[in-house]
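Asker: Dropping a structure here in structure tokens format, bear with me for questions.
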Amino acid sequence: MEFSWSWFWPELFGSLNETLYMIFVAFLISLLIGIPLGITLVITRDQGILANKTVFNLLNIVVNVLRSIPFIILIVAIIPLTRLIVGTSIGTTAAIVPLVFYTAPYIGRLVENSLLEVDQGTIELAESMGATPWQIIWKFLLPEALSSLILSLTIAIIGLIGATAMAGAVGGGGIGDLAISYGYNQFQTEVMVVTVIILVIMVQLIQSIGNYLSKKIRRS
Amino acid sequence: MEFSWSWFWPELFGSLNETLYMIFVAFLISLLIGIPLGITLVITRDQGILANKTVFNLLNIVVNVLRSIPFIILIVAIIPLTRLIVGTSIGTTAAIVPLVFYTAPYIGRLVENSLLEVDQGTIELAESMGATPWQIIWKFLLPEALSSLILSLTIAIIGLIGATAMAGAVGGGGIGDLAISYGYNQFQTEVMVVTVIILVIMVQLIQSIGNYLSKKIRRS
Amino acid sequence: MLRLEGIRKLYGEDGDNPVEALKNINLEVKRGEIYGVVGYSGAGKSSLIRCVNLLEKPTAGRVIVNGKDLTKLPAKDLRTERKKIGMVFQQFNLLHSKTAFGNVAMPLILEGYSKEAIHDKVMKLLSFVGLADKADHYPEQLSGGQKQRIGIARALATDPHVLLCDEATSALDPDTTNAVLDLLKQVRDEMGITILLITHEMNVIRDICDKVAVIDGGMIVEQGTTINLFTSPQTDIAKSFVRTVLNDALPEATWKNILEKGSSNSVYRILYKGESANSPLLSNIAKKFSVDVNVIHGTITTIQGQPFGNIIIEFIGDSREVNIVVKYVQEQNTTIREVAADGI
Amino acid sequence: MLRLEGIRKLYGEDGDNPVEALKNINLEVKRGEIYGVVGYSGAGKSSLIRCVNLLEKPTAGRVIVNGKDLTKLPAKDLRTERKKIGMVFQQFNLLHSKTAFGNVAMPLILEGYSKEAIHDKVMKLLSFVGLADKADHYPEQLSGGQKQRIGIARALATDPHVLLCDEATSALDPDTTNAVLDLLKQVRDEMGITILLITHEMNVIRDICDKVAVIDGGMIVEQGTTINLFTSPQTDIAKSFVRTVLNDALPEATWKNILEKGSSNSVYRILYKGESANSPLLSNIAKKFSVDVNVIHGTITTIQGQPFGNIIIEFIGDSREVNIVVKYVQEQNTTIREVAADGI
Amino acid sequence: DSTNVKVGTTTAETPTWELVKELAAEEGIEIEIIQFSDYVQPNIALDNGEIDLNAFQTITYFHSFKEEQGLHLSAIGTTAIWPMGIYSEKIEELSEIGDGAQIILPKEPTNLGRALMLLEKAELITLKEGFNGSGGVESIVENPKNLDIVTVTAGQTARGLQDATAAVINSDIAIAAGLNPTSDPVFREDEQSVPYINIIASHTDRKNEEVFQQIVDIYHSEKVQSFIEDEYEGAAVPVVRPIEEVIEEQ
Ligand SMILES: Nc1ncnc2c1ncn2[C@@H]1O[C@H](COP(=O)(O)OP(=O)(O)OP(=O)(O)O)[C@@H](O)[C@H]1O
Ligand SMILES: Nc1ncnc2c1ncn2[C@@H]1O[C@H](COP(=O)(O)OP(=O)(O)OP(=O)(O)O)[C@@H](O)[C@H]1O
Ligand SMILES: [Mg+2]
Ligand SMILES: [Mg+2]
């Protein structure tokens, strides 16, 4: 099959659109789930500010289970849920659900790791001020860990971009899928090169922003 | 096609074997590459102990490029290299090469994030003692970051397990591929359930060890 | 206002070698009192003060602040009480992610003050501690003493009823220390704040504390009013602390000098306090007796408004006459005793 | 041994509001000397000491240690020189991942000492600072003062030629401080180590320093021998530092007392040092003149082996007689001056 | 060592090859089965000589792939046809497919072109002239019903039946998913349609090796034929025809 640029450009923009849509929505929702998840893993652990073995163990296992299931199987496993949420198990929007299931626990772990690095003195300070657990989290833990959190989230969003390439399995489309369907499966080197370049630029951009913000916050 | 346990068990053990082999070897090599990579990203950055814009930018881009290419395309892209290293591009051993290309930069980023959290005072201390860059890294940076590093590596090895599921593309086999090939493609629910359980146990075990070690080192 | 009853603190209870940092501590601080705690490094001072707001959970004992036993309060009530307890940390515990302003503003933000109220209050506090121009600096851009001052300003931000100071002036130069102590006194006088203060600087105790406890090995070995501790310390450790300010040990060089002159047996320490300090004792001696009086060492000062003298004098003259002088001094209700070989 | 020439340090050069922490600092410390630096919080003391081993790169100026300009050395040689410079950090900078033992052992490990040699040396140092029993403790299990002592032990581990101490005793009680100072003196006497020492505790200066520099606003405003600084401080800041130890300001309460009695015009300060301190001046006055002498405040002490007195006395008697006494005192080569209204 | 033969295949065909392996062992041929989860690698590996035979693709896909990639591969034998069908839970007749209906297609290169051709044959779309099975949805030139064509992995086609109007499903997937490939489809491929015959391929230089022919013969043996019929319950229809004839017809 011949390669045709006139076919390619609209296709590329469509895919780019899909990718950005998936990343944006999936990342946003994953943040909304993953950050509280990571926070909960930190505060409920042994000697955390709201130590609670049951909650910790439960979440720890849930995260582990989700993190251990291969993505494609995860997609299948949650089809009923996907259908419930977006009305279909096929298409870009439907792909967002498994992407969230993949990314949220991932963010949870990364956030957990970042928050655990916050100095014990910070929590002491907060407690001495009579801060509520909510305030400890929002006013102390998160701001103090922010620099590391940003790098963690950068890692997560890049991981998410990688995962969107697999969203093609349920008709999610996107630039990664374009690369695989045409660049890889159909050997259209031009597609492969262009899509990979776009992905590299995207990742490079995100990483640069992450590095910049993180460094600015760290101030060193 | 019917499901038969007598077929399944040896198949399962073979796959488990392949997975463990891939994880073990790929992780080991990824560590050997990823940790120095992360260290280099930290020490060569602006105001690092061996600040070097060229090296930092170069590595940063290499990591970004590798992190942005969809795994299946990565596999193909490095086939010549794979063949050079292991003599073939097919099979379990061959799958290790792309797995390393996937995991090493990932570890690099995670290590980078952990090391950046080390207190500036630690580096000052090391410099005041006339420690060589090598000593700063091994005697100061790494030990001080160890607790966070362990959690980061836990995250990385679990990510690697996820990636091994894709090794089937080059005939790598493994438990994730078993889950996909039979559980997913052939609708053999038994295979799916058993393999996923095994993966969950594996991940749970690794995470528990990671949590335990990290906590023990953190002592809090 | 603040009472510790039978406080015990064991660290590393479940480990191999537990450390008993506090053993049966009993201590009471009245409203508006400034109570000092001194002791050697590792004596348990920080552990004690951290038990007051339950940052460290006591292994045993009761912590009663404002009539409430904090150890028995549910989490929510404990938070309410903690809001009324300000704390200056030994290691500052500043937030790296916040500027000097942001650090001081923190407790006010938690309380939900308005933006303007916060700005006014914080800038006032920063001016108080002489750091108004550093409002926008982050902790790592501040010197050690500046960090400590931020910690002090922060602890005072919400007008607490109780203030816990763990070595709040240890990183400060004398002038800044005085300014801080004046501020604390002022806060106490104006708002009746109760202050529990750890320090190893006896001049801080002298200048500001109403009462003092001396802690050693996790136990209170001596406690009482500041003037009593200074004028008649009982334990060796208290004496050694007092000495740092009152300078009552004869320096080795001086003692050697005296020994060489062979006049060691006419060296006496005189301690006088209160009214007696105002009568010209030395002058009287010189006038009344045929001995010369040479002050070789000592301090005459005022502790908590009362004059106090602790001096070492050499009597030059006939030893019998000296004995008469000693008796005369004793008759003036003043302590006099021969100085021992170690200069004490 | 150690010379700073025209050191200037600008923080945040490329930012909006740069801070000029050091302005043209010149300072020389001879081999075996103990040199103290005092100054208010934020004066630039830490910046100065951190410039010596180039932890802070001076914006301008030369740092000459042992004849080598450190600012010009390639990295490798700088490391070699740094190995000979021990440093005690104001914020301790202990490694959280290492025990007390491990922290002290660190510089020895870097040097490649044998295991036994390290063990012996570290245990000796830990005993020195009174922490042999805490060898296995991690920093967060240590008190503030204990952490500081670990920092001191660590700085001494490799027998450095130069020791930089940034508030090395600020968290220590007086006894421990003395022990540390004795140790430093001993190290100096035995090994000829050169010490640059920052402190805000004037008793540390008094007890151990040969020379002192007073730094203010990033400039050295006064420097000289310790005895000179104590006996005749020139700048206000030096005077205020000296006062903390010599206690030469009359407490407000005492002054009020005097004013009430209406005798303020016969209150004098007498300063005497060296030999003159040994003649019984006060006693002579009492004997020779018909005035009573009342010492109301002051200190008589020994600085660097020399006696020194700074006392405030009240003459009770006829004002003409008092004038004669004042003249007499002046003839004895002793400084006497009327005390001003602020008690100074 | 020509008695050791590496055969690259995919999961669905593995059971048959297990049997072939058993039978071949009796004739002194040692077969090693390498399972791929991908449709590109087996051909590449065959061309490289990393495997000796592969069996997973239709003759159509095989030809277009090797031509486009310039691979030196040759088909040496037929295996079976895995007829595709258009399945639906929503409609009974093709004519019920309305404007804008969503149709799911398998996306693997060997499946996709074939699924498109099936749609064309069902007169739902028109493909560009000379469409040879290689290529994707961009090959559609006319789509009068504005069908929303979504490509997913083969495994997902059956799983999406509930969501889409219709799905093109490989018969092995259909069976695995509990569908009956003979009675359930609303439209189905011809069981003997030459272009969809799956083949065994080898490197062109080695296509005449005797042992390969032996393996093809074993595959065409009675035992294997009946095994396929039993095992796949109609999802795979064995094809025993000389390969030259098939190539010519194609
Ligand atoms: N990294 C920095 N960025 C900006 N300003 C700084 C930085 N470090 C120090 N400063 C400023 O430089 C001045 C001198 O600081 P330095 O730490 O030398 O003071 P110091 O004399 O040691 O005071 P202290 O006795 O309180 O420790 C201070 O005003 C401080 O705010
Ligand atoms: N978390 C801990 N685990 C074990 N031991 C501890 C812990 N915290 C403190 N200690 C020990 O308890 C004792 C008292 O410590 P504390 O911090 O109360 O001393 P401190 O009087 O404040 O001393 P400093 O004046 O040096 O600050 C010390 O011996 C210390 O080593
Ligand atoms: Mg303490
Ligand atoms: Mg300082």
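Asker: Place a label point 7 angstrom from the Cα of E:Lys207 along the Cα-to-Cβ direction, then list the residues of the range E:217-250 whose backbone nitrogen is under 18 Å away.
Answerer: E:217, E:241-250, by backbone N distance to the label point.
Asker: On a full-extension model of 0.36 nm per residue, what is the gain between E:Asp230 and E:Asp99, subtracting their alpha-carbon distance, rounded to one decimal in nm?
Answerer: On the way: separation 131, 0.36 × 131 = 47.16 nm, distance 4.00 nm.
That pair, E:Asp230 and E:Asp99, stretches by 43.2 nm at full extension.
Asker: Can you list which of the GluC sites (Glu not before Pro) found in the range D:33-127 are DSSP loop residues with at most 14 other C-beta atoms within 10 Å?
Answerer: Answer in residue order: no site qualifies.
Asker: If I take every Cα pair under 8 Å that is 6 or more residues apart in chain A, average their sequence separation and divide by the length, what percent do I get for the relative contact order?
Answerer: On the way: 258 pairs, mean separation 57.2, N = 220.
Once normalised by length, the contact order is 26 percent.
Asker: Related question: Which GluC sites (Glu not before Pro) in the range A:1-89 pass both tests, a DSSP loop state and at most 16 other beta-carbon atoms within 10 Å?
Answerer: Taking the range A:1-89 and a limit of 16 other Cβ atoms within 10 Å, the loop GluC sites (Glu not before Pro) found are A:Glu2.
Asker: A further question on this structure: What is the percent carbon and sulfur in the accessible area of the range A:5-219, measuring with a 1.4 Å probe over the protein chains and ignoring ligands?
Answerer: On the way: 5440 of 7590 Å².
C and S atoms contribute 72 percent here.
Asker: Would you tell me the accessible area of A:Leu58, worked out with a 1.4 angstrom probe on the heavy atoms of the protein chains, in Å² to the nearest 10?
Answerer: 110 Å²
Asker: When Cβ neighbours within 10 Å are restricted to other protein chains, what is their mean count per residue of peptide C:37-44? Could you put the intermediate results ahead of the total?
Answerer: On the way: counts 0, 2, 2, 8, 17, 12, 3, 1.
For peptide C:37-44, the averaged partner shielding equals 6.
Asker: For the pair D:Ala60/D:Glu252, report the inter-label distance in nm, with labels modelled 7 Å from Cα in the Cβ direction.
Answerer: Placing both labels 7 Å beyond Cα along the Cβ direction yields 4.4 nm.
Asker: Averaged per residue, what accessible area in Å² does chain D show with a 1.4 Å probe, protein chains only?
Answerer: On the way: 13310 Å² over 344 residues.
Accessible surface, normalised per residue, equals 39 Å².
Asker: Same structure again: Past 32 Å, Cα to Cα, is the threshold; run A:Lys139/C:Lys45; C:Lys23/C:Lys134; B:Lys53/D:Lys115; D:Lys45/D:Lys83; A:Lys215/D:Lys57 against it and keep the listed order. Please list the in-between numbers first.
Answerer: On the way: A:Lys139/C:Lys45 29 Å; C:Lys23/C:Lys134 42 Å; B:Lys53/D:Lys115 39 Å; D:Lys45/D:Lys83 22 Å; A:Lys215/D:Lys57 21 Å.
Pairs exceeding the cut-off: C:Lys23/C:Lys134; B:Lys53/D:Lys115.
Asker: A further question on this structure: Over the range A:84-159, give the accessible area per residue in Å² for a 1.4 Å probe, as an integer.
Answerer: On the way: 1980 Å² over 76 residues.
Averaged over the residues of the range A:84-159, the accessible area is 26 Å².
Asker: What percent does the relative contact order of chain C come to when contacts are Cα pairs within less than 8 Å and at least six residues apart? Walk me through the numbers before you get to the answer.
Answerer: On the way: 612 pairs, mean separation 58.8, N = 344.
Once divided by the residue count of chain C, the mean separation gives 17 percent.
Asker: Report, in deg cm²/dmol and to the nearest 500, the calculated mean residue ellipticity at 222 nm for chain B, where each DSSP H run with n ≥ 4 adds -39500 (n - 2.57) and the sum is divided by the residue count. Intermediate results must be reported in sequence, preceding the final value.
Answerer: Working: 9 runs with 161 residues, N = 220.
Using -39500 (n - 2.57) per qualifying helix, the result is -25000 deg cm²/dmol.
Asker: May I pose another question? Would you check the accessible area of A:Thr92, probe 1.4 Å, heavy atoms only, in square angstrom rounded to 10?
Answerer: Accessible area of A:Thr92: about 30 Å².
Asker: Give the lysines whose C-alpha is closer than 23 Å to that of E:Lys223, dropping any in the same chain fewer than 8 places away, or say none.
Answerer: Hits, sequence-local ones excluded: E:Lys6, E:Lys21.
Asker: Let me ask another. Using Cα positions and a limit of under 16 Å, work out the aspartates and glutamates in reach of D:Lys239, with same-chain residues fewer than 8 apart set aside.
Answerer: C:Asp173, C:Asp175, D:Glu201, D:Asp216, D:Glu222, D:Asp248, D:Asp342
Asker: Give me a single rounded figure for C:70-76: the average over its residues of other chain Cβ atoms within 10 Å of their Cβ. Could the numbers behind the result be given before it?
Answerer: Working: counts 0, 0, 0, 0, 0, 4, 2.
That works out to 1 on average.
Asker: Please report the buried accessible area for the interface of B with A, total over both chains, probe 1.4 Å, in Å² to the nearest 100. Kindly include the intermediate steps, with their values, before the conclusion.
Answerer: Working: alone 11990 and 11930 Å², together 19690 Å².
For B against A, buried area totals roughly 4200 Å².
Asker: Membrane-span-like helices in chain A: DSSP H runs reaching 30 Å or more (Cα, own axis), mean Kyte hydropathy at least 0.5?
Answerer: Values: long enough: A:5-43 (55 Å, 1.49); A:92-116 (35 Å, 0.98); A:142-164 (31 Å, 1.78); A:189-218 (42 Å, 1.21).
Taking the DSSP H segments of chain A (at least 30 Å long, mean hydropathy at least 0.5), we get A:5-43, A:92-116, A:142-164, A:189-218.
Asker: Also: With every protein chain left in place, what is the accessible area per residue of the range E:35-154 in square angstrom, probe 1.4 Å? Walk me through the numbers on the way to the answer.
Answerer: Values: 3890 Å² over 120 residues.
For the range E:35-154, the solvent-accessible area averages 32 Å² per residue.
Asker: From other protein chains only, count the Cβ atoms within 10 Å of every residue's Cβ in D:283-294, then give the mean. Please report the intermediate quantities before stating the final value.
Answerer: Values: counts 16, 4, 4, 10, 9, 1, 2, 1, 3, 8, 8, 9.
If you average over the peptide's residues, the count of other-chain Cβ atoms is 6.
Asker: Where does the charge balance sit around C:Asp166 when Lys and Arg score +1, Asp and Glu -1, over other residues with C-beta under 11 Å from its C-beta?
Answerer: Residues near C:Asp166 contribute +1 overall.
Asker: Follow-up. Estimate the FRET efficiency between E:Glu123 and E:Asn4 by the formula 1/(1 + (r/R0)^6), using the beta-carbon distance for r and 41 Å for R0, to the nearest 0.05. Don't skip to the end; give the middle numbers.
Answerer: Numbers: r = 49 Å, r/R0 = 1.20.
Efficiency, from the Cβ-Cβ distance: 0.25.
Asker: Be a star and scan the range E:121-164 for residues whose amide nitrogen sits under 17 Å from the point 7 Å along the Cα-to-Cβ vector of A:Asn17.
Answerer: E:138, E:147-151, by backbone N distance to the label point.
Asker: In the full protein assembly as shown, how much of D:Asp189 is accessible to a 1.4 Å probe, in Å² to the nearest 10?
Answerer: 110 Å²
Asker: Once every DSSP H run of n ≥ 4 in chain D is given -39500 (n - 2.57) and the sum is divided by its residues, what mean residue ellipticity at 222 nm do you get, rounded to the nearest 500 deg cm²/dmol? Don't jump to the answer; show the numbers that get you there.
Answerer: On the way: 12 runs with 129 residues, N = 344.
The helix-only estimate for chain D comes to -11500 deg cm²/dmol at 222 nm.
Asker: Quick one: net charge of B:Phe56's neighbours, Cβ under 9 Å, K/R +1, D/E -1?
Answerer: Working: positive: B:Arg45, B:Lys53; negative: B:Asp46.
Value of the local net charge: +1.
Asker: Sticking with this one: Taking the Cβ of C:Ala286 as the center, what net charge do the other residues with Cβ under 10 Å away carry, scoring Lys and Arg +1 and Asp and Glu -1? Each step should come with its number before you reach the end.
Answerer: Working: positive: C:Lys287, C:Lys288, D:Lys287, D:Lys288; negative: C:Asp292, D:Asp292.
So the environment of C:Ala286 carries a net charge of +2.
Asker: Continuing with the same structure: Pick out which of D:Thr301, D:Thr80, D:Thr226 has the largest mean-square fluctuation in a Gaussian network model of chain D, springs linking Cα atoms closer than 10 Å.
Answerer: D:Thr80
Asker: Return the FRET efficiency for the residue pair A:Gln47, B:Val193: r is the Cβ-Cβ distance, R0 is 45 Å, and the value is rounded to the nearest 0.05. Before the final figure, lay out the partial values.
Answerer: Numbers: r = 36 Å, r/R0 = 0.81.
Calculated value: 0.80.
Asker: First measure r as the distance between the Cβ atoms of D:Val221 and C:Asp14, then evaluate 1/(1 + (r/R0)^6) with R0 = 41 Å and state the FRET efficiency to the nearest 0.05.
Answerer: 0.15
The values are calculated or read from the model by the stated rules, or taken from the named source; none is laboratory data. Just so we're clear, the structure is a prediction, and the values are computed from it rather than from any experiment. We place every Cβ from the backbone using ideal geometry, glycine too, and count neighbours over all the protein chains shown. Surface accessibility is based on the protein's heavy atoms, side chains included, excluding ligands, DNA and RNA. Shrake-Rupley method; radii C 1.70, N 1.55, O 1.52, S 1.80 Å.
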